[in-house]
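These notes concern the structure reproduced below.
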Amino acid sequence: MKRTMALFGAATALAMMPLAAHAERGASGHLNIIYWQAPSILNPYLSGGTKDVESSSLVLEPLARYNQNGELVAWLAESIPTVENGGVAEDLTSITWTLREGLLWSDGTPVTSADVAFSAEYCMHPEGGCAQAARYQDVESVEIVDERTVTVHFSVPKPVPYGPFVTAQSPIIQRAQFENCTGARAPECTDANFYPIGTGAFRVVDFRPNDVISFEANQNYRDPALPHFATITFKGGGDAASAGRAVMETGEMDYAWNLQLAPDVIATMAQGGRGVPISAFGTLVERIEVNMTDPSPDLPPEIRSTRAAPHPVLSDIRVREALSRAIDRELLVEVGYGQAGRPSCNLVPAPPIFRSDANDNCLEQDLDRARALLDEAGWVVGADGIRVRDGRRLTIDYMTSTNAVRQDFQALIQQWWREIGVEANLRNINASVFFGGDPGSPDTFQKFYADVSMYANNFPGTDPEAYLGAYRCGFEPRPETQWQGENINRFCDPAYDALHLQLAQTASIEERGRIGRELNDILMQNYIIIPLVDRGRLSAHSNTLGGVVLNTWDSELWNVAEWHRL
Amino acid sequence: MTAPHPTAQRPLVQVRDLKLHFPIYGGFFRRRIGEVKAVDGISFDIYEGETLGIVGESGCGKSTAGRAVLRLYEATEGSVTIDGVDISTLSQEALRKTRPMMQMVFQDPQASLNPRMTVAGIIGEPLDEHTRLSGAEKLARIYELMDAVGLNRDFANRYPHAFSGGQRQRIGIARALALNPRFIVCDEPIAALDVSIQAQVVNLLEELQEKFGLTYMFISHDLSMVRHIADRVAVMYLGKIVEVAPVSRLYDAPLHPYTEALLSAVPEPDPSLEGTKQRIVLKGDVPSPANPPKGCNFCTRCPKVMDLCRTVKPSTVEVAPGHSVACHLINQNGIAGRTGGHEAEHNQTHNQQGEVA
Amino acid sequence: MFTFTMRRLLLAIPTLLFIALVIFLLLELSPGDPMSDMPLTIPPEVRQQMRLALGLGEAWYIRFYKWLYLFSVVEPSHVLANMTGYDWLRVEGQRILSFQTRSPVADIIAQRLPQTLWVVGLSYLFGILVAVPIGIYSAYRQYSWFDQAGTFVSMVGFSLPTFFTGPLLILICSICVGWFPIISDTTLVVDSWANFLKQLRQMAMPVFVLTLYNAAQITRFMRASMLDNLTQDYVRTARAKGMTERIVVLVHVLRNSLIPVVTVIALGIPTIFTGAIITEQVFRVNGLGALLIGAIYGSDIPMVLTLSVVFAILIVLFNLIADILYAVLDPRIRYD
Amino acid sequence: MTDAVTFRAPRNQWWDVWDQFKTHRGALIGMVVFVLIVLFCFVGPLIWRVDPTAIPSGRELLRLRNQGFSLAHPFGTDNLGRDMFARMMKGGQVSLAVGIVGMILSILLGTLIGVVAGYFRRADGVLMRLTDLFLALPLLPILLVMSMLFRERLSALFGVEVGMFLMIVTAIALTSWMRTARVVRGDVLALKEREYVLAARSIGTPPRRLIVRHILPNVLSPVMVSATLMIATAIITESALSFLGMGFPPDFPTWGRLVADGVDYLQDYPSRSMVPGILISLTVLSVNYIGDGLRDALDPRIRGR
């Protein structure tokens, strides 16, 4: 892990170096990027897929975005509006953005506030099926103040008003290009969706969906010396292993995205000597969600896995705690993620201000404590080593999506649980079913027809308000809501809800941090969620590629303009 | 070998206007565009204990007729009554129950025996289907049958491929006899055998007929063999019976031109007579049964064809007791001495053959 | 013959309709969801909106009918217009849009087709070229060492799953030795000698793996068919007539032996288009097979449906062609 | 069916088949190899009593994983320290079981449909269209749908593993019976016109027994040949499905799954996917050779020579 940090530091330092040699646009020549998930569209408003958002970020840019440290930096905007500088209204219901001067689209026309307002209009159209609609939540109107200024009006006070036009997920699109593509007509504009005109460092030359994209430098880019690369081939498809090989071993590619591979595999590839793995951490946490309701198939479908039927075993906090205590998180990291992971005891592991240190006792595996807790709860070890109480075996249905690392985790955790007398029935479900959300399928993570389930989740940007809001009463998936809802655990605590309401009304960042940590602690100390690993992003770049700064808060390609050949 | 007097006996099998037409589909929508009239309205009786020979060229529908009589093919029209039971209307199950009464001996002894069954299995199959004999009883019956047809008991566990053609036909006959049938259709049982074996099999059939009181429908294209075994003979041409008569009458005084032609083709055993024999050579091919001539079926090849023959189908007329002919010549002229010359000639041959037999 | 062909073609229509319906219903029943690869950060309401925007809100029979109309009327018109260059052929209106890319399915298929044809088609061709002589010779010298070796190699050919040979080849030829690239450059335009070599190098491994497999199968057919014919009476007659061995084998026997082999080859042609799913996956050749599996993973119903029905059409068509070929080549067979 | 008679059993024709089969050296070797593999998978675990799912406890894991070949672990250990030798046996059990059960189901289905289509003229058109339909159906969506519709029910009835097994086997059978059906139908159409079938009908044998007694035994040889090939196909199909992530889950060892898992480690621990890969190939190879030998042995034209 130390080595990563060193590498990371080195990369950052490189990025900061003055680059006299590359003072000219396109001097670095050709860049090869590989994403093992292939982009299928270059309009992030029509697809929320990370691959699509990141590939389009070479072309489309937002007003502001987060840097590698999670700090907001102005991008197409002149500066970040705040309450202090008057950009955000005192009552927190509006925010005013001003565009940089002299911005041009890649086709040479000027970027105006009308384009900004149109971007919001495009995404907020009720029939458009915009993937980023959540970022425009509570937006009442976008008012064009002048050529370069827009004001976004919210219907409610927004302590964090940086949803619209911030990060690669809600970039500015050209009004002239998309004017006739709003609402139901959005998908019909194939040309616009495949060849968007943007302000970014590159423009699309050729797009082959789910295969490969060719880019060339945008001749109208705002910095005449950038980008360093003249052309990019953005290859998609395959699997993580071959992507890693292509960068680190054969040197065919310069940058490989998101290498979810076993640590020893990465290590071997790194010995190839043509490239280096880099990692950085964000808010993605692999966790075990505990079902607080009874998933027994004997129950009628309208009650099964709903709050009407509390879980007969897991409602006991001692059992939940024992399950958490039995886990050796360090070992999980070692087996599954290596330098791309670290043990986590929190649901919100970052940014620092939201990170609690009240739960760090979970880092240590404590089988004795776990056994004691179960004894205390009345579970007695039976003949075959599995605990029994009132004739009921302590058996837990443990489901997750199908994925090699997750099945390794399942095997390890099953073993540890067995050591404390808990039997786990493992089940894994094809990811497209598990995350598919089909109310007709019994196997979705929302329906939660299991006792515990394991997956990873994170929150966009740096503010966990909405993320933590998921665990309020009434947000649980249930038959009436067609099993839609984010409160997967069916947790309900009025005190928690009250505290969350308080967060929603607080603007001060320190105060928000305190409340956020407290909410996190409630969930952690109730063992509603058993966090396992704080999963970083692990990518790799060629030894000859400079300027890469891995950013988990925004697109990995956020500073591609500054990438250069060493 | 005199013809039994028909009226004195009870008909065991009565076939009335039996038709068997195979549909032909064609054209774009696979509509039924015609039919092959394999058997086109035949009627005859077979009396108890007698042998009715069916003769005709290959393709005239005689085998089909034999199978239709046993309802192995579903008839298009007509009825078949065996021992008072109209089998053409029976349900499949009822038909199955009546099967023991009527059996069949097949043309190709090789093809009619399942190569994967032992002799005992083959002969025992009818017993399995229709009786509830114990293992030992069944075995006893199988041996009995093997003895009856002259097969060595030791062969019971062998497979058909180990036997000669004649032995195989004996197996087939044993199978047919297993259920004590009263009526057996012999579908060219000797056609596939060596000449030397043929006589053995025919003699066996005759022996068995005598022993068990069987009734045969003996299908063959071998006129001399039919003459030897049959009591009455029916001549078929293109799906129709053109002439039926007691064997002596038919061979001595054929009335239908086709019968004449057929008989003229029988090889003469006596070389001295060979030269005197007048061979009638028919011209042309047999018309397609899918598209028979408009009038008399034989009109395209008949040496004595008249204009009438080409337009009107002749009806069957009984010219003497037990002798029916379907020919316009007969209908017009009666049995007038037109065929007298032939009669004499054939009488002669008959006598000679009679001596041989 | 003509009515036979027409009849079969007409009969194919209900068959294909039924196939389309079955595939559609399968996908409809299948638990996957086009939204499943979207990040969990997208809230449920937004997902619901996106689903509606994909047209998933309508009843299944309406969607099927719409697809059917587009597939049988609109898409062919566009394909025809692109091929002939007559723009007036185009039927205006919406086209079949893929859920994943929101672009016309036909365009993507057209884009992928060349890659599949290059790799899979070429290996099929090579397979035939390799297999026929080997088949002939092993049959001619039955049980010789050549025949034994040929049998062994062809057995190995279809015993080795491509998902095993593929990575092995990559390990040996790309990583250790570094001869071939492991990622196929699909944008490569063969316009120079150097690029042609590059194209050869990147196609070498997948083509090799598939050729081995195809050749294995065709060799077996060729050998069996030759063996059948070599024992026929006409061969003995031909030899007795004093013909040279070369003419007997290469003219008389070969001509008759090729009849069943040609039909087998014709029957195999649809697999060129369906692509070799696993080989394409292993070597990252983004052909039709890769397209299909990607679409299945992403529950891209319009794409899977269109591709499957196109494949079904090809299969039905080549079945018919095989039958006709058989009748044309073998004078004993006649259809009326 | 016949043998109430039991004395001096003449040489059964299967002995002829065996005699011919013996002369095919490849088939003989194939048979020996196949039997050895079956013994390895099914008898092996009785001798090599190591739990294929046992993980070294605690931090021991880090020391005991990814080991090479040794006496303690003849095929080494995987990334969780599980014994690859035991996993290979376990995986082989599943793969072979899938191959054999899939073959049986597929052959039964194919034979049934082929016989019905060939024997009953009225069913022919419908069944042959059905065959065309299945020939043109993609396997993967079928599998996904089946997994949704039946997984929970099957898991509840038979447990997760058996449920999944049944599902995959059924899916393989459902998508592979067509070739057998076509071959059988063709043969039955020809057999139906044989005189001994007519003879059986004249005896009054009902269709059901007629098929069992006279038709089935005579289509046996093409069926047996396609059965051996089917085993190979089923093993490869299952492996391919597992490789594509559509078959058995990663925690359930099958040879195909082990190959897929090992591919990532190909460089460091090539044996991890090579060994199961070789086992798959060897099994398929041996079965193909057996099929080849059977084809020759069952063909009376060749047997006669």
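Sorted by accessible area with a 1.4 angstrom probe, largest first, how do A:202, C:126 fall? Please list the in-between numbers first.
Numbers: A:202 0, C:126 85 Å².
The most accessible residue leads, giving C:126, A:202.
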Once all protein chains are kept in place, residue A:36 shows an accessible area at probe 1.4 Å, nearest 10 Å², of 50
Across peptide D:256-263, what mean number of C-beta atoms from other chains lies inside 10 Å of a residue's C-beta?
4
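Ordered by packing density, taken as the mean number of other Cβ atoms within 10 Å over each peptide's residues, highest first, how do B:174-181, B:192-199 rank?
Details: B:174-181: 22.5, B:192-199: 15.0.
So the order, starting with the most tightly packed, is B:174-181, B:192-199.
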Expressed as an acute angle from 0 to 90° and rounded to the nearest 10, what is the orientation of the C-alpha long axis of helix C:2-29 relative to the principal long axis of chain C?
50
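Please sort by residue number the GluC sites (Glu not before Pro) in the range A:287-384 whose DSSP state is loop and whose Cβ has at most 13 other Cβ atoms within 10 Å.
Details: sites: A:289, A:302, A:321, A:330, A:334, A:364, A:376; in loops: A:302, A:364.
Loop-located and lightly packed - A:302, A:364.
Relative contact order of chain A: what whole-number percent is it, with Cα pairs under 8 angstrom and at least 6 residues apart?
Details: 1269 pairs, mean separation 113.0, N = 566.
Computed over chain A, the figure is 20 percent.
Can you pull the mean other chain C-beta count within 10 Å for peptide A:126-133?
On the way: counts 3, 3, 3, 12, 4, 9, 2, 7.
Mean number of neighbouring Cβ atoms from other chains: 5.
Using the per-residue mean of other Cβ atoms lying within 10 Å as a proxy for protection, in what order, highest first, do the peptides A:61-67, C:81-87, D:261-267 fall?
Values: A:61-67: 23.9, C:81-87: 10.6, D:261-267: 22.3.
Listed from highest to lowest mean packing, they are A:61-67, D:261-267, C:81-87.
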Beyond 26 Å, what share of the Cα-Cα pairs of the range A:289-437 remains, rounded to the nearest whole percent?
32
Compute log10 of I(q)/I(0) for the range C:202-336 with the Debye formula, placing one identical point scatterer on every Cα and leaving out solvent, at q = 0.11 Å⁻¹, to two decimals.
-0.58
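Hey, what's the Cα Rg ratio for the range A:356-409 versus the globular rule of thumb, 2.2 N^0.38 Å?
Details: Rg = 15.1 Å, N = 54, 2.2 N^0.38 = 10.0 Å.
Here the Cα radius of gyration is 1.50 times the empirical estimate.
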Taking the C-alpha atoms of the protein assembly as shown, how large are the radius of gyration and the largest Cα-Cα span, Dmax, in Å?
42.1, 141
Net charge dipole size for the range D:159-305 [Lys, Arg +1 and Asp, Glu -1 on Cβ; Debye, nearest 20]:
1100
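Rounded to the nearest 500 deg cm²/dmol, what is the calculated helix-only ellipticity per residue at 222 nm for chain A, with -39500 (n - 2.57) per DSSP H run of length n ≥ 4? If you can, show how the numbers build up before the last one.
Details: 15 runs with 140 residues, N = 566.
Helices in chain A give a 222 nm mean residue ellipticity of -7000 deg cm²/dmol.
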Any idea of residue A:216's accessible area? Nearest 10 Å², probe 1.4 Å.
60
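So if I place +1 on the C-beta of Lys and Arg and -1 on the C-beta of Asp and Glu, and nothing else carries charge, what would the dipole magnitude of the protein assembly as shown be about its Cα centre? I want it in debye, nearest 20. Mind dumping the intermediate values first?
Working: 136 positive and 154 negative charges, 1113 e Å.
Using only the charged Cβ atoms, the result is roughly 5340 debye.
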For chain A, the dipole about the Cα centre with charges only on Cβ (Lys and Arg +1, Asp and Glu -1), to the nearest 20 debye, works out at 1040
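Counting Lys and Arg as +1 and Asp and Glu as -1, what is the net charge of the other residues whose Cβ lies under 14 Å from the Cβ of residue B:226? Walk me through the numbers before you get to the answer.
Details: positive: B:62, B:227, B:232, B:249; negative: B:50, B:57, B:187, B:188, B:206, B:222, B:231, B:243.
Local net charge: -4.
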List the extent of the Cα atoms of chain B along each of their three principal axes, largest first, rounded to whole Å.
66, 60, 40
For residue B:248, tell me the accessible area in Å² from a 1.4 Å probe, rounded to the nearest 10.
40
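Rounded to the nearest 500, what is chain C's calculated 222 nm mean residue ellipticity when only DSSP H runs of at least 4 contribute -39500 (n - 2.57) each, over all residues? Could the numbers behind the result be given before it?
Working: 14 runs with 225 residues, N = 336.
Calculated mean residue ellipticity at 222 nm is -22000 deg cm²/dmol.
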Looking at chain B, what % of its DSSP beta bridges pair antiparallel, to the nearest 5?
65
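Around residue C:294, what is the net charge, scoring Lys/Arg as +1 and Asp/Glu as -1 over all other residues with Cβ under 11 Å from its Cβ? Each step should come with its number before you reach the end.
Numbers: positive: C:112; negative: A:211, C:37, C:280, C:300.
Overall, the nearby charge balance is -3.
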Working with all protein chains in place, sort D:268, C:233, B:187 by solvent-accessible area computed with a 1.4 Å probe, largest first.
C:233, D:268, B:187
For residue A:288, distant residues with modelled amide H under 5 Å away:
A:530, A:532
In the range A:425-525, taking the dipole from +1 charges on Lys and Arg beta carbons and -1 charges on Asp and Glu beta carbons about the Cα centre, the listed residue (A:523, A:444, A:485) farthest towards the positive end is A:444
Using the Cα centre of chain D as origin and beta-carbon charges of +1 (Lys, Arg) and -1 (Asp, Glu), tell me which of D:221, D:206, D:271 is placed farthest towards the positive end of the dipole.
D:206
Which angle from 0 to 90°, rounded to the nearest 10, does the C-alpha axis of helix C:122-140 make with the longest principal axis of chain C?
20
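Return one quarter of the surface area of the convex hull spanned by the alpha-carbon atoms of chain A, equal to its mean projected area, in nm². If you can, show how the numbers build up before the last one.
On the way: hull surface 102.2 nm².
Over every viewing direction, the Cα hull of chain A projects on average to 25.5 nm².
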Name the residue farthest towards the positive end of the dipole of the protein assembly as shown from the options A:251, C:211, C:240, assuming +1 on Cβ of Lys and Arg, -1 on Cβ of Asp and Glu, about the Cα centre.
C:240
Counting other chain Cβ atoms within 10 Å of each Cβ in B:108-120 and taking the mean gives 6
Per chain B: cysteines with no other Cys C-beta under 4.7 angstrom?
B:60, B:186, B:302, B:327
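Loop sites only, by DSSP: take the trypsin sites (Lys or Arg not before Pro) in chain C that have at most 15 other C-beta atoms within 10 Å and name the longest stretch containing none of them.
Values: sites that count: C:90, C:141, C:241, C:332, C:334.
Counting at most 15 other Cβ atoms within 10 Å as exposed, the longest clean stretch of chain C is C:142-240.
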Equivalent ellipsoid semi-axes - Cα gyration tensor, the range C:207-255, angstrom
30, 11, 5
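Only sites in a loop by DSSP and with at most 14 other Cβ atoms within 10 Å count here; which GluC sites (Glu not before Pro) in the range A:112-191 make the cut? Each step should come with its number before you reach the end.
Working: sites: A:121, A:127, A:140, A:143, A:147, A:179, A:188; in loops: A:127, A:147.
When the GluC sites (Glu not before Pro) of the range A:112-191 are filtered for loop state and at most 14 Cβ neighbours within 10 Å, A:127, A:147 remain.
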Taking each full run of DSSP H in chain D as one helix, which ones are at least 24 Å long along their axis (Cα atoms) and have mean Kyte-Doolittle hydropathy of at least 0.0?
D:25-42, D:84-119, D:139-158, D:216-243, D:271-298
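Please give me the summed charge of the neighbours of residue A:284: other residues whose Cβ is under 12 Å from its Cβ, Lys and Arg +1, Asp and Glu -1.
Numbers: positive: A:287, A:342, A:535, A:537; negative: A:286, A:534.
Its environment carries a net charge of +2.
How much mean residue ellipticity at 222 nm does chain D get from its helices, if each DSSP H run of length 4 or more adds -39500 (n - 2.57) and you divide by all residues, to the nearest 500 deg cm²/dmol?
Details: 15 runs with 222 residues, N = 305.
Calculated from helices alone, the mean residue ellipticity at 222 nm is -24000 deg cm²/dmol.
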Nearest-0.05 FRET efficiency for residue B:164 and residue B:144, computed from C-beta distance (R0 25 Å):
0.65
Sort A:293, A:112 from largest to smallest accessible area, using a 1.4 Å probe on the heavy atoms of the protein chains.
A:112, A:293
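What number comes out for accessible area per residue over the range C:48-205 if the probe is 1.4 Å? Units Å², please.
Working: 7760 Å² over 158 residues.
Dividing the accessible area of the range C:48-205 by its residue count gives 49 Å².
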Can you give the longest run of chain B that contains no chymotrypsin sites (Phe, Trp or Tyr not before Pro) sitting in a DSSP loop with at most 14 other Cβ atoms inside 10 Å?
B:30-357
Just for the protein assembly as shown, what percent of DSSP beta bridges are antiparallel, to the closest 5?
70
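Please report the relative contact order for the range C:140-246, taking Cα pairs under 8 Å with a sequence separation of at least 6, and give it as a percent rounded to a whole number. Could you put the intermediate results ahead of the total?
Numbers: 56 pairs, mean separation 37.3, N = 107.
With pairs under 8 Å counted, the relative contact order is 35 percent.
How high is the relative contact order of chain C, in percent, with contacts defined as C-alpha pairs under 8 Å that are six or more residues apart?
Details: 354 pairs, mean separation 89.6, N = 336.
That works out to 27 percent.
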Calculate the tail of P(r) for chain D: the fraction of all Cα-Cα distances greater than 29 Å, expressed in %.
48
GluC sites (Glu not before Pro) in the range C:1-108 lying in a DSSP loop, each with at most 13 other Cβ atoms within 10 Å of its Cβ, come to C:58, C:92
Relative to the longest principal axis of chain B, what angle (0 to 90°, nearest 10) does the C-alpha long axis of helix B:119-130 take?
90
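The values are calculated or read from the model by the stated rules, or taken from the named source; none is laboratory data. Keep in mind the model is a prediction, meaning the values are calculated, not measured. Quick reminder, even Gly has a Cβ in these numbers, built from the backbone with ideal geometry, and neighbours come from all protein chains shown. To get the accessible areas, we keep the full protein, side chains included, count just its heavy atoms, and leave off ligands, DNA and RNA. Shrake-Rupley method; radii C 1.70, N 1.55, O 1.52, S 1.80 Å.
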